[in-house]
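Read the structure below first, then the notes.
The values are calculated or read from the model by the stated rules, or taken from the named source; none is laboratory data. Please read all numbers here as calculations on a predicted model, not as lab measurements. Every residue, glycine as well, gets a Cβ built from its backbone with ideal geometry; the counts of neighbours run over all protein chains shown. Just the protein is used for accessible areas: all its heavy atoms, side chains included, with ligands, DNA and RNA removed. Shrake-Rupley method; radii C 1.70, N 1.55, O 1.52, S 1.80 Å.
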Amino acid sequence: MHRFAGELYPICRSITGDGIRQTLSMIGNRIPLTTFEVPTGTAVFDWTVPKEWNIRDAYIKGPNQKRVVDFKKCNLHVLNYSTPIRATMSLSELKPHLLTIPQNPDWIPYRTSYYKEDWGFCLSHNQMLALKDGEYEVCIDSTLEDGHLTYGECYFPGQSTDEVLISCHACHPSLANDNLSGLAVATFLAQLLSGRDRRYSHRFLFIPGTIGAVTWLARNPEAVGRIRHGLVLTGVGDKNRFHYKKSRRGNTEIDRTAAHVLTHYSESPEILEFSPYGYDERQYCSPGFNLAVGCLMRSVSASFPEYHTSADNLEFIHPRQLAESLRVCALILDVLEDNRRYRNLNPYCEPQLGRRNLYRSTGGESIGADINARLWVLNLSDGEHSLLDIAERSDLPFVAIRDAAELLFENGLLSVVAESSAREAKPNEVLPPDISPGQRNMGRRKTAAHSREAR
Amino acid sequence: MHRFAGELYPICRSITGDGIRQTLSMIGNRIPLTTFEVPTGTAVFDWTVPKEWNIRDAYIKGPNQKRVVDFKKCNLHVLNYSTPIRATMSLSELKPHLLTIPQNPDWIPYRTSYYKEDWGFCLSHNQMLALKDGEYEVCIDSTLEDGHLTYGECYFPGQSTDEVLISCHACHPSLANDNLSGLAVATFLAQLLSGRDRRYSHRFLFIPGTIGAVTWLARNPEAVGRIRHGLVLTGVGDKNRFHYKKSRRGNTEIDRTAAHVLTHYSESPEILEFSPYGYDERQYCSPGFNLAVGCLMRSVSASFPEYHTSADNLEFIHPRQLAESLRVCALILDVLEDNRRYRNLNPYCEPQLGRRNLYRSTGGESIGADINARLWVLNLSDGEHSLLDIAERSDLPFVAIRDAAELLFENGLLSVVAESSAREAKPNEVLPPDISPGQRNMGRRKTAAHSREAR
Amino acid sequence: MHRFAGELYPICRSITGDGIRQTLSMIGNRIPLTTFEVPTGTAVFDWTVPKEWNIRDAYIKGPNQKRVVDFKKCNLHVLNYSTPIRATMSLSELKPHLLTIPQNPDWIPYRTSYYKEDWGFCLSHNQMLALKDGEYEVCIDSTLEDGHLTYGECYFPGQSTDEVLISCHACHPSLANDNLSGLAVATFLAQLLSGRDRRYSHRFLFIPGTIGAVTWLARNPEAVGRIRHGLVLTGVGDKNRFHYKKSRRGNTEIDRTAAHVLTHYSESPEILEFSPYGYDERQYCSPGFNLAVGCLMRSVSASFPEYHTSADNLEFIHPRQLAESLRVCALILDVLEDNRRYRNLNPYCEPQLGRRNLYRSTGGESIGADINARLWVLNLSDGEHSLLDIAERSDLPFVAIRDAAELLFENGLLSVVAESSAREAKPNEVLPPDISPGQRNMGRRKTAAHSREAR
């Protein structure tokens, strides 16, 4: 995963344009990905798909004609979405267009101007202090024109059409933790899932932040209605402990699953309440959707100094942490997959486990953890408690509870309670009223030529 | 407020009589006050309006004919409501009628005998120890005769007939914190309110403790049914941190409002659970009424040594603390007034704040507190959450949330949810069955000649 | 109680046989006990009543023909339920049949083999280490044949047929805390109850662990349906603080009662959540029954080193601790008996307690604890709150609340709210479907010849 992040690192991504297209193409080399192109000007809820931005070069040349700021060295140097410019100006005219971080004077900030047409350069504070008076040549060789917004989907059908959503933003340029780590973990998680039997259908989204989520939600009302659980993945490569931010509803199955998995399988995780600032959970948890979507991170956005600076580089993320994040994600999906309800077929008193070789034979000694898990499953399997409920109440790991349930089931002591697909229905059932049928299929669907399915 | 408390301090108040009349007259010089006179013998629920007590002088003269205890020096010296007496007796006959506080031997206790006819003197323990054997002349020049119980109301109509109640006991003689502080703060709070547009109607009660509340509740069933929120004000002048005692229901809007305001605008407040001992919240929260009425204090009754002693004097209360208490009360009323529900008109995803100049224009930086408040309001304004709900969940001050809501409303992003007056209906809707229509209007209503409205 | 435990100590009890018969006989000398005999082979839910086990002697003779392990010295030496054997074998052949506790090398373990036919000896680890190579004579003079399972009931009818259940396991041989302490406390508790007026009917069960509870539950569906509150008593003689393990439902009246009594009348009790491992609450709280039955202990099973070893002897339990346990049990039953609901007949404002001599006559002083309890009872007696609810909310001892309620009732200020027998109905109302009417009365009922009722 770290190597894959390294391959993606140099690309100058933005919310539209060839950077994200190239990124999706490289993801599509690893998992079956379908990409979508939505035209500039498309209305998506309160928003409009913006113009497409592409950039070839950008620099500031000093009085000595040398490049003092050079996009080719680091793509963060350009204010992302800058309009084209080619001009000569004095330092004092230039300065209002220079963005720095005085408190971390060696780092280049990552800044954008998506929704207000503007141009600018980001550079280290020390770089700026070193600029001397004189005439500067400024060049941003970009285009901002009608085009498309591009995003990718990887969909694995399951026994049920109910969906688990994994969503990552794929619009940041050379920033490693935010969010190449999320792209890498999601890509490898999709690989893990591809070979499996699945109860739920799973959908992975690789989208530009905010406008991508808005666009996807506006164009896919039917899929939205099938989402049962979801996870936004971001910032999962640094060395911090895990942070899980709950969905707006706060006690959904994904919230409880993430908390359970992190508590049992990671060190000192922190479970955060929902807040409406952060990543694309802002859109999934907007009041009209109110989906059961949380956000898995290590370091929380805007809470670490390297956030949105050149210091969020490939040295800030680590193979070991990426691997742990992948493992935690896989465990979360496992719990969702296996979280069934059973019914104890001998609800009056305990069944006699001894004669089924499910108990220790010599009485008087304490029981082991495996027998304890069996007793918990039998006691709480009244058709109401799910395995996750039992794991939570017993404070045993889900896997121990699930294994006990499977053993008891094999021994004829439990029956499976039929799933109601309305089990955790989302509270907002009606379709967004302001989406016309036409709008729903507006973008042209383009099956990625490079997808595995196509090969 | 401290000066006003100083003016009221020398008056010998009791639950009936000219002391409370004079006090109400002085309050009526500042705010529009209507006073009511309820005749002795009037049945009010399980109680009967008592005889009216008035006192001119009282003393104990020692063997040397000098006044050793003198009502003219301090009106606490007389057991409040003492029957008249004029007699000569030995020290040993006198002693059962002397009340002191051995553990604070320099302080005079405040004691009463309202409901058992008796006489007595309160004095410092050291004063009592200095009394020598001999004959003492005892005089209490009081009257205890049929008359009236007097109380005052200040009513400000609002857009709604739903009421906010502010209640203070006005029956204690020379005691500053308990409760001249409450009278002063309530009077100034009424002044603040008088010039404002009001959503709720507001009613201020200045009443004798217990019997006054019982009498008012018995005589005003219609008004009782309109009380949505209420606050008993007492002990708000000393230097202690704030204490708010919740209503019996425990999670009403006034309880949450007081807790929110104190937490955000005062130092280390303490929120106390309801208990049936205290001030007139005992009556408002009796099970038949069960009103949403809490009690705001600094020091809690009976928990500080100066309580009900001569040490609760004008030096025990302070202008700064009174001003803070007034500010907190005003903030509480502000929250109640402004605590509306809104509906986000773009519930599907966030609306695009940027094109309305409601977002920062350069992306990549963290958002400020004002934008954060807007996101919270948008996310939770689903018609269910009130602004107080949002302030609580976001842990932001109510004012920040309210200002954000007003700005979003002005920008057409929110609609106001129509108020249902049954929003926080009290659980006991039926009128007290034992109040006959006649009894309800029994007292003669007397518009205070000195009220502003009458001038 | 300690003396009684001492009398029971030498008997070699098991889940069937003459040991438990003799034990029940000695309990029946003290309280009116009915014993029941259920034939081997009787189907009880998923279980079958096992063969009856009796033992006369058992030993291992060493090469020198001396008894090196002797059942006559300590009945723990035999693996309980051992099949008969008489054989000579080498030490290496013998060793797989020897059970010890290496970490406590001087103690003899208590071990059983109820449900797998086997034989063995339990001995101290040091004893085993001292065994030298050679031929050993092994003798277990036991019988394991068709017979009966025996248990005892002591039933006291009350005004209501609703029942309180006290259940003890009576199947352990020479183990003092687990569970002669439980038998002794339950026996004396029954004595205390026998002379009283009772609201509830009370049933004491003295049964073999697990199979006894399963058998009783299978044979008594009507009685099961009448159980409102229950307590398993075990391990109540050692010096540990009290532990109460809640019922599966977790907030039943018995759970709250036990927590209240222990909190107010014992030092640092610990209230434990339900878990499905422990004593016969496992059966009472199986999902089909889900009864309001908790478990009162001092040391928790399997959590102290002496558990199920020869160190759980008469010196491990103490007269003072047994007496405290009896007192706590009696208080718990008292609370259940007296936990009524009242209705304040003057719900509008406080009634005037002063004129009924239920208040202090001199105002201005603080009120005492007795008046405080009266105010709480009046304030919360709205027909909904029980006395236990009031005790919990006021944090006053139940007895103070009950005494206040009785005084107020005598003064005409409260009425009693009629009990609904469905007040705390158990959630599983249907009878176990797999019990045929015939099975219910299968065992022959034998009124103990030695019961007091019979004398």
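Within the option set B:SER167, B:SER181, B:SER92, being open to solvent by 10 Å² or more (accessible area, probe 1.4 Å), at pLDDT 95 or above and among the small types (Gly, Ala, Ser) holds for one residue only, B:SER92. For A:GLU137, the stated conditions do not hold, so it cannot be described as modelled with pLDDT under 95 and of a type in the set (Asp, Glu).
The residue that is nearest to the chain's Cα centre (by Cα), among those in segment B:288-308 that are open to solvent by 10 Å² or more (accessible area, probe 1.4 Å) and facing another protein chain (nearest Cβ under 10 Å), is B:SER301. Residue count for segment C:210-223, restricted to those that are touching a helix residue (DSSP H, G or I) at 6+ places or on another chain (Cβ under 8 Å) and crowded, with 24+ Cβ neighbours inside 10 Å: 4.
C:GLY278 satisfies every condition listed in (1) over 16 Å from the mean Cα position of the chain (by Cα); (2) on the phi > 0 side of the Ramachandran plot except (1).
Annotation: of all residues in segment A:1-38 being in contact with a Cys (Cβ under 8 Å, 6 or more places away or on another chain) and closer than 28 Å to A:THR83 by Cβ, the one that is surrounded by the most Cβ atoms within 10 Å (Cβ to Cβ) is A:ILE15. Filtering A:LEU431, A:LEU413 for residues that are more than 30 Å from B:GLU350 (Cα to Cα) and either within 14 Å of another protein chain (Cβ to nearest Cβ) or modelled with pLDDT under 95 (or both) leaves a single hit, A:LEU413. Can you name the residue in segment A:353-364 that is closer than 14 Å to C:PRO109 by Cβ and at the interface with chain C (Cβ under 7 Å from one of its Cβ atoms) and, of all such residues, is most open to solvent (accessible area, probe 1.4 Å)? Once the filter is applied, the top-ranked residue is A:THR362.
Looking across segment C:255-287, the residues that are more than 10 Å from chain A (Cβ to nearest Cβ) and farther than 19 Å from C:ASP389 by Cα come down to C:SER266, C:GLU267, C:SER268, C:PRO269, C:GLU270, C:LEU272, C:TYR279, C:GLU281.
Out of C:GLY152, C:GLY147, C:GLY120, C:GLY134, which single residue is within 14 Å of another protein chain (Cβ to nearest Cβ), in contact (Cβ under 8 Å) with a residue 40 or more places away in the chain and not hydrophobic (A, V, I, L, M, F, W, C)? Talk me through it step by step, then tell me what you get.
Values: C:GLY152 fails: within 14 Å of another protein chain (Cβ to nearest Cβ); C:GLY147 fails: within 14 Å of another protein chain (Cβ to nearest Cβ); C:GLY134 fails: within 14 Å of another protein chain (Cβ to nearest Cβ).
Just one listed residue meets the conditions, C:GLY120.
Residues checked against (1) touching a residue at least 60 places away in the same chain (Cβ under 8 Å); (2) in contact with a Phe, Trp or Tyr (Cβ under 6 Å, 6 or more places away or on another chain); (3) among the basic types (Lys, Arg); (4) within 14 Å of chain A (Cβ to nearest Cβ):
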position	(1), (2), (3), (4)
C:SER167	yes, no, no, yes
C:SER174	yes, yes, no, yes
C:THR187	yes, no, no, no
C:HIS202	yes, yes, no, no
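Has segment A:292-314 got any residue that is in contact with a strand residue (DSSP E or B) (Cβ under 9 Å, 6 or more places away or on another chain), part of a helix (DSSP H, G or I) and closer than 28 Å to B:GLY363 by Cβ? Within segment A:292-314, none of the residues are in contact with a strand residue (DSSP E or B) (Cβ under 9 Å, 6 or more places away or on another chain), part of a helix (DSSP H, G or I) and closer than 28 Å to B:GLY363 by Cβ.
Yes/no matrix, rows are residues, columns are (1) within 30 Å of C:ASP106 (Cβ to Cβ); (2) of a type in the set (Ser, Thr, Tyr); (3) open to solvent by 40 Å² or more (accessible area, probe 1.4 Å):
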| position | (1), (2), (3) |
| --- | --- |
| C:ILE317 | yes, no, no |
| C:GLN321 | yes, no, no |
| C:VAL328 | no, no, no |
| C:ARG343 | no, no, yes |
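Is segment C:386-400 home to any residue that is within 9 Å of chain B (Cβ to nearest Cβ) and either over 37 Å from the mean Cα position of the chain (by Cα) or buried (at least 17 other Cβ atoms within 10 Å of the Cβ) (or both)? Taking every residue of segment C:386-400 in turn, at least one turns out to be within 9 Å of chain B (Cβ to nearest Cβ) and either over 37 Å from the mean Cα position of the chain (by Cα) or buried (at least 17 other Cβ atoms within 10 Å of the Cβ) (or both). Restricting attention to segment B:372-385, the residues that are among the hydrophobic types (A, V, I, L, M, F, W, C) and more than 8 Å from chain A (Cβ to nearest Cβ) add up to 2.
Contact map, segment B:18-33: residues that are within 13 Å of B:LEU180 (Cα to Cα) paired with residues that are at pLDDT 95 or above and assigned to a helix (DSSP H, G or I), Cβ distance under 6 Å, separation 6+ or inter-chain. Pairs shown: B:THR23/B:LEU8; B:ILE27/B:THR187.
Take the conditions more than 30 Å from B:ALA302 (Cα to Cα), basic (Lys, Arg) and surrounded by fewer than 18 Cβ atoms within 10 Å (Cβ to Cβ) and apply them to B:LYS72. Does it pass? Criteria not met by B:LYS72.
Looking across A:ALA405, A:ALA418, one residue alone is aliphatic (A, V, I, L, M), closer than 30 Å to A:LEU262 by Cα, at pLDDT 50 or above and open to solvent by 80 Å² or more (accessible area, probe 1.4 Å). It is A:ALA418.
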